[in-house]
Each structure stands twice: as C-alpha cells, then as structure tokens.
Amino acid sequence: METNDRRNVNVNEQGQAIVLLVFGMIVLLGMAGLAIDGGNLYTQRRRGQNAVDNAALAYALAINQATTTGQADAQSVLSNNGYVDGQNSVQITIISPPSGYDNSYIEVVMTQTVPTALIHLVYSGPAVYSVRATAHGVAGRAPQAGYALVALSNCLTQGGNNVAVTGGGNSGGINVHNGDIFLNTPETNTQPCAIKSPTSQNNTGITVDSGFIISSVGAYDYSGVSNVTNPVQTNANGGTPIADPLASLPEPQCTSNGVFSGGMYQPGRYGGYGQLVMGPGTYAPGIYCITGNISISGNDGIVGNGVVFYFINGGMKFTGNAGLTITAPTESNCLGTFGLPTASCTYVGMAIFLARNNTSTVEVRGNGGSAVTGTIYAMSGVVQARGGGATPGETSVVGQVIGARVYGDGNGSFDITYEEDKIYHIPPSLQLVK
C-alpha cells in the first residue's frame with residue numbers, strides 16, 4: 001500500500017513538470033520573439049523614419065526652388081528606399097500643406113506592417129510602425145515683392161508721415177515706377193497721416209505708374225486728395241501692420257579699420273575713435289561700417305560699385321551740388337563667404353543699411369543721375385531725397401526703398417524704379433520641422 005502511494009506522487013510531479021516546461025518555453029519564445037522581432041521592428045522603424053525625413057525634405061526642396069515636382073520627388077526618394085504605397089504592407093500619405101500650416105510646409109506619413117519570425121507564436125496582433133516627417137521649404141524671394149517703396153512707421157503712434165514731400169517749388173515729388181507703394185500705418189478716416197502731399201506749384205505729386213497701386217494698412221483712401229495717385233487701396237494685410245520684412249537679415253560687421261589706399265577708400269570701419277572719416281571719392285567693393293554722420297558738400301561726390309554702406313549710428317547729408325552714385329554688391333563682385341555678416345556676398349543687392357535702432361536720416365542725391373542701385377533699408381530711419389534743380393528724377397533709386405519714413409525735399413523729384421533683379425532677396429531656406 002505504501003509503495004503504490006509513492007508511485008502516485010511521482011506521476012503527479014511529472015505532470016506538473018510538463019506544465020512548467022510548457023510555460024517556460026512560452027516565456028522563452030516570447031522573450032526570443034521580443035528580442036528578434038522587436039529589434040527588427042525598431043530597425044525597420046528607424047529606416048522608415050530616415051526615408052520619410054528625406055522624402056519630406058525633397059518635397060520642401062522643390063518648394064524652395066519654386067518647382068512643381070515635389071510630389072514626384074518625395075515618391076522617388078521613398079521608392080529608392082524600397083517604400084511604395086500599396087506594396088509590402090506600406091501605406092504612404094503626402095499632405096501639402098498639413099493642418100495648421102501654410103503652403104510652404106509638407107508632411108509625409110508612412111505606416112508598414114513588418115513580418116515576424118517568432119512573436120506571432122505568442123502574440124496574434126500585427127507588428128506595425130508609423131512614422132511621419134514635416135518639412136518647411138521657402139524659395140528665395142524679394143521682401144515685400146512688387147513694392148518699390150515700403151514705409152514702415154506708424155504715424156498714429158510715432159508721429160510724422162510715412163511718405164511726404166516737404167519742399168519743392170518746380171518739380172518736387174515722389175514718383176514710383178514699375179512698382180507699388182506700401183503704407184504700414186493703420187490710419188482711420190478721421191486720422192489720416194500716412195501721406196503728406198506736396199502743395200508747391202508744378203510739383204509732380206506722390207504717384208505710381210498706371211497699373212500700379214498705393215496700398216495702405218489703414219482705412220483712408222485719399223480720394224479727392226490732389227497730387228496723390230488715388231484712391232489708395234485700403235486694409236492691406238487685413239488691416240494689420242507688417243513686421244520688419246528683413247528681420248532675419250543679420251546686421252553687417254567689419255573686422256578692421258578702413259583705409260584710403262590705391263586712390264580709393266577700402267572696406268572697413270569708419271568714423272569711430274581713431275578711425276578714418278569717410279569723404280568724397282571712390283569706394284572699393286565691400287562693407288563699410290560707419291559711425292557718426294557723413295557730410296559731403298560743394299561739387300564733390302561719393303562713387304562706389306559693389307558696396308554696402310552700413311550706418312551703425314548717424315546718417316548722410318549732402319549740400320551744394322554734391323551727390324551719391326553707388327551700386328549694391330552683385331554675385332559677380334561680392335566678397336567673402338555667403339551667410340557671414342562680414343561678407344558682402346551675404347548682402348547682394350543691399351546698398352544702404354541703417355542699424356535697426358538707428359533713427360537718423362540718410363539723404364540720397366544723384367544730381368540728375370541714378371543715386372543708388374539696390375536696396376535702401378532703414379527700419380527706424382528716414383530716407384530723404386534732396387535736389388536743388390528743376391529736373392524730374394534728379395534723385396533716383398533703381399531697386400527698392402524700405403524705411404520708417406520716406407521724404408522728398410527740394411525742387412527735384414525723388415524717382416524710385418522697382419527692379420527686382422537688382423534688390424536684396426531673402427535667401428531660400430530648407431528645414432526639417434519634425
């Protein structure tokens with residue numbers, strides 16, 4: 001009897017061992033599956049993420065270059081990496097633009113079911129990963145494209161006028177050609193202050209060519225105001241003033257003091273303690289960082305090709321018959337490495353740059369010729385044309401003027417001719433957002 005009891009106990013223990021062995025094998029299979037299939041899923045997900053990142057950037061690059069091949073470019077990148085929508089359990093969605101973004105953004109979403117080696121023995125669900133990438137591509141562009149004159153001040157809060165003619169007896173005026181005028185003041189019908197029109201006899205007015213407009217953030221359309229092209233188109237930008245259109249552009253830097261050498265002024269720092277003061281003459285290509293005021297008189301003048309005049313503080317004034325004839329750097333005569341604030345190649349198309357907190361006045365005067373070719377940028381300053389003769393276009397800019405206020409003073413008209421290929425352009429940008 002005792003022997004049979006022992007036999008029964010051994011049989012029961014053997015059954016329990018089998019159950020434990022089965023559970024142990026399941027655990028081991030699960031751990032092996034997790035290690036093998038989980039590792040494979042992680043690797044496939046990382047590979048898929050790299051593919052959608054590159055696809056989104058390829059699409060954004062097409063936006064950056066202003067082409068229409070973005071969709072095909074993104075699909076080509078995915079295909080070259082082995083991902084085609086509808087094949088091998090891959091689902092791809094390309095969204096342009098994604099929700100909450102503008103047309104300069106693109107999103108690529110991809111989901112794939114990955115085959116498993118072991119995990120399916122203990123887990124019945126699919127091994128799926130999902131990845132997404134959002135990229136941003138902006139083409140190179142002119143700031144406030146199409147506007148020859150952009151007057152940024154708010155005359156309601158800062159006083160003065162955006163555009164005004166303060167003198168002139170024969171032909172004084174501000175006349176814009178081949179482009180528009182933008183007024184950034186949210187003026188009302190009861191408080192117009194953006195434009196002060198000329199009242200002198202025989203003035204040329206504040207005008208734009210036929211087919212172009214004066215556009216205002218404000219509500220006053222200047223209908224019936226003499227010597228102004230009207231009506232002004234109101235409520236630009238939804239009635240909201242724009243921010244600095246060149247906020248992303250770094251202020252120039254000079255690494256050494258300027259010198260007069262070889263019969264001309266050389267790039268560098270001028271006007272500060274121990275530094276040469278700029279005067280009449282010829283200026284070599286490059287960046288000129290200027291402290292204090294420049295005053296040119298008599299029949300003297302400043303001539304420069306491929307130059308950037310950067311006013312840290314102070315401004316420029318001409319008296320008598322003195323004049324200014326300068327052109328901004330171009331791709332062919334700029335210096336240095338693009339992107340560096342010490343390189344004039346960073347400022348192609350920029351002729352005069354006032355530091356953003358510089359409220360001084362820069363006068364441009366051409367004595368019947370083109371005073372400036374390129375962009376004049378004075379975020380907080382005044383750009384003023386002066387002329388003593390009776391010739392329309394005595395002072396002219398070929399390019400673009402962006403300033404807090406733009407004034408004409410004197411008998412000669414201030415002519416601004418918009419030419420987009422001669423002005424500063426915001427460079428293209430490409431960014432993987434997430």
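Give the share of C-alpha pairs in each 5 angstrom bin for the stretch 56-201, from 0 to the last occupied bin, in whole percents, shortest bins first.
Cα pair-distance distribution for the stretch 56-201, in percent: 2, 8, 11, 11, 10, 8, 7, 7, 7, 6, 5, 5, 4, 3, 2, 2, 1, 1, 0, 0.
Would you mind giving the three semi-axes, in whole Å and largest first, of the ellipsoid equivalent to the stretch 45-105 according to its Cα gyration tensor?
Rounded to whole Å, the semi-axes are 20, 13, 10.
Tell me, 193, 155 in order of fewest to most beta-carbon neighbours within 10 Å?
In order of increasing Cβ crowding within 10 Å: 193, 155.
Between helix 70-80 and the chain, what is the angle of the helix's C-alpha long axis to the longest principal axis, kept within 0 to 90° and rounded to the nearest 10?
Helix 70-80 and the main axis of the chain meet at about 30 degrees.
What does the net charge come to around residue 330 if you take all other residues with beta carbon closer than 12 Å to its beta carbon, with K and R at +1 and D and E at -1?
-1
What residue among 279, 217, 228 has its Cα farthest toward the positive end of the dipole of the chain, where the charges are +1 on Lys, Arg and -1 on Asp, Glu, each on the Cβ?
279
Which residue, 241, 97, 285, has the most motion in a Gaussian network model of the chain that connects Cα atoms within less than 10 Å?
Result for the chain, Cα springs under 10 Å: 97 fluctuates most.
Hey, fewest Cβ within 10 Å first, where do 261, 360, 76 land in order?
261, 76, 360
Relative to the present Cα-Cα distance, how much length would full extension add between residue 67 and residue 357 at 0.36 nm per residue of separation?
Value of the extension gain: 100.6 nm.
Counting Lys and Arg as +1 and Asp and Glu as -1, what is the net charge of the other residues whose Cβ lies under 14 Å from the Cβ of residue 426?
Local charge sum for residue 426: -1.
Can you give me the Cα centroid spacing of the stretch 278-301 and the stretch 209-226 in angstrom?
The two parts, judged by their Cα centres, are 37 Å apart.
Compare 101, 59, 147 in a GNM of the chain, Cα atoms joined below 10 Å, and give the one with the largest fluctuation.
With Cα springs under 10 Å in the chain, the top fluctuation among 101, 59, 147 is at 101.
Would you mind getting me the FRET efficiency between residue 276 and residue 93? Use the beta-carbon distance for r and R0 = 51 Å, nearest 0.05.
0.25
Under a crude label model (7 Å from the Cα following the beta-carbon direction), how far is residue 261 from residue 50 in nanometres?
5.0
Suppose R0 equals 25 Å; then what is the FRET efficiency for residue 111 and residue 431 from their Cβ-Cβ distance, rounded to the nearest 0.05?
0.55
Return P(r) of the chain (all Cα-Cα pairs; 10 Å bins starting at 0; whole %; ordered from short to long distances).
4, 17, 21, 16, 12, 9, 7, 5, 3, 2, 2, 1, 1, 0
For a protection proxy built on the mean count of beta-carbon atoms within 10 angstrom, sort 202-211, 396-405 highest first, please.
Sorting 202-211, 396-405 by mean packing, highest first, produces 396-405, 202-211.
Arranged by the count of other C-beta atoms within 10 angstrom, fewest first, what order do 264, 350, 278 take?
Ranked by crowding around the Cβ, least crowded first: 264, 278, 350.
Where a number appears in this text, it was derived from the coordinates with a stated rule and is not lab data. Small disclaimer: the values here were computed from a predicted structure and weren't measured. We place every Cβ from the backbone using ideal geometry, glycine too, and count neighbours over all the protein chains shown.
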